[in-house]
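Quick note: the coordinates plus some simple rules give every number you see, no bench work behind them. Remember, predicted model here, so these are calculated numbers, not experimental data. Cβ placement follows ideal geometry from the backbone for every residue including glycine, while neighbour counts extend to all protein chains displayed.
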Amino acid sequence: MGVVAKEVKAMSQKDILEFEKAGEVTVASHCLKLSDIKVVREFKRPDGLSDKEVDAAGDGDVLVILDLRLDESLYEAGVAREVVNRIQKLRKKVGLEPTDAVEVYFESVDEDKSISQQVLNSQELYIRDAIGSPLLSSTLMPPHAVVLGEESFHDISKLSFAIYLARPALVFKSDAILSLYGGNTKSAHGLETYLLSRDHSNLKSEFQLGDGKITVETIEGLPSVNVVLGEHVFLTVGDSILRSKSG
């Protein structure tokens, strides 16, 4: 049987797979069944990889190999879920209802801000769908934005950041508004001040009823002008960003 044992040990991976599939193999004129040969699987770690990067465990019949190296896409998805979770908790903390519209701003407080930016870029659609609006950089928050709540978080998936919840804020296309008044800066500023004084939800309704356009003729000393949504003003910072990305 020494010859048989020697040839069995010399079987290639292909031979073993064919043996397991067929249920038998002929070695040195001996027909061996599955009950005659025990296939034991052992793991040999590839050169250049440590036990912190790849590991394996099994009972001889089944071998499970674990790749312990960090998967960037899984890491980024995990961070995105953490960010969304913090946003939802902050909404509850400040007493917002699920239907209350707010704009959400993100500020990295890490020395290296590129990591969080990479995460936000790769997970942009997931985060937007989860919170119902784009997650905005805090640098985009207009001076007239009304902040409803803010909170800082540290060492969340190795990142530290701050979240701000603000009421939807108008974004003006200053050059376009200026052209409504022939370049008169004072008049253009007067229109912006008037629009900012309006209730946001009422203003939104008026634009919807006017198919994206309203006529402003109530400002004393100024001529009547037609203000077009997307041409002269955006109702939210998020709308402005989405328009700029769509070209």
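What to note about this one:
- Taking the centroid of alpha carbons for each part, the stretch 144-219 and the stretch 107-128 are 25 Å apart.
- Order of Asp211, Asp110 under a 10 Å beta carbon neighbour criterion, fewest first: Asp211, Asp110
- Note, ³J(HN,Hα) from phi for the stretch 9-20, Karplus 6.51, -1.76, 1.60, rounded to Hz, x at Gly and Pro: 5, 8, 4, 7, 4, 5, 4, 5, 5, 5, 5, 5
- Over the stretch 72-166, the Kirkwood radius and the radius of gyration, each from Cα atoms, give a ratio Rg/Rh of 0.94.
- Residues Ile214, Ile131 arranged by fewest to most Cβ contacts within 10 Å: Ile131, Ile214
- Among (i) 164; (ii) 228; (iii) 178, the entry that matches volume of the Cα convex hull per residue in Å³ as calculated here: (ii)
- Among Leu96, Leu178, Leu32, residue whose mean-square fluctuation peaks in a GNM of the chain (springs only between Cα atoms under 10 Å): Leu32
- Summarising the amide proton neighbourhood of Val109: residues at separation of 5 or more, or on other chains, whose placed amide H is nearer than 5 Å comprise Ser160, Phe161, Ala162.
- Over the chain, relative contact order from alpha-carbon pairs under 8 Å, at least 6 apart, %: 13 percent
- Gyration tensor (alpha-carbon) shape descriptor, the stretch 171-246, a/c threshold 1.5: oblate
- Entries in Lys213/Lys245; Lys6/Lys33; Lys204/Lys245; Lys173/Lys204 that, when Cα-Cα distance is taken, lie over 19 Å: Lys213/Lys245; Lys204/Lys245
- C-alpha long axis of helix 72-93 to longest principal axis of the chain, angle in °: 40 degrees
- Other residues whose C-beta falls under 15 angstrom from the C-beta of Gly210 contribute a net charge of -1, scoring Lys and Arg +1 and Asp and Glu -1.
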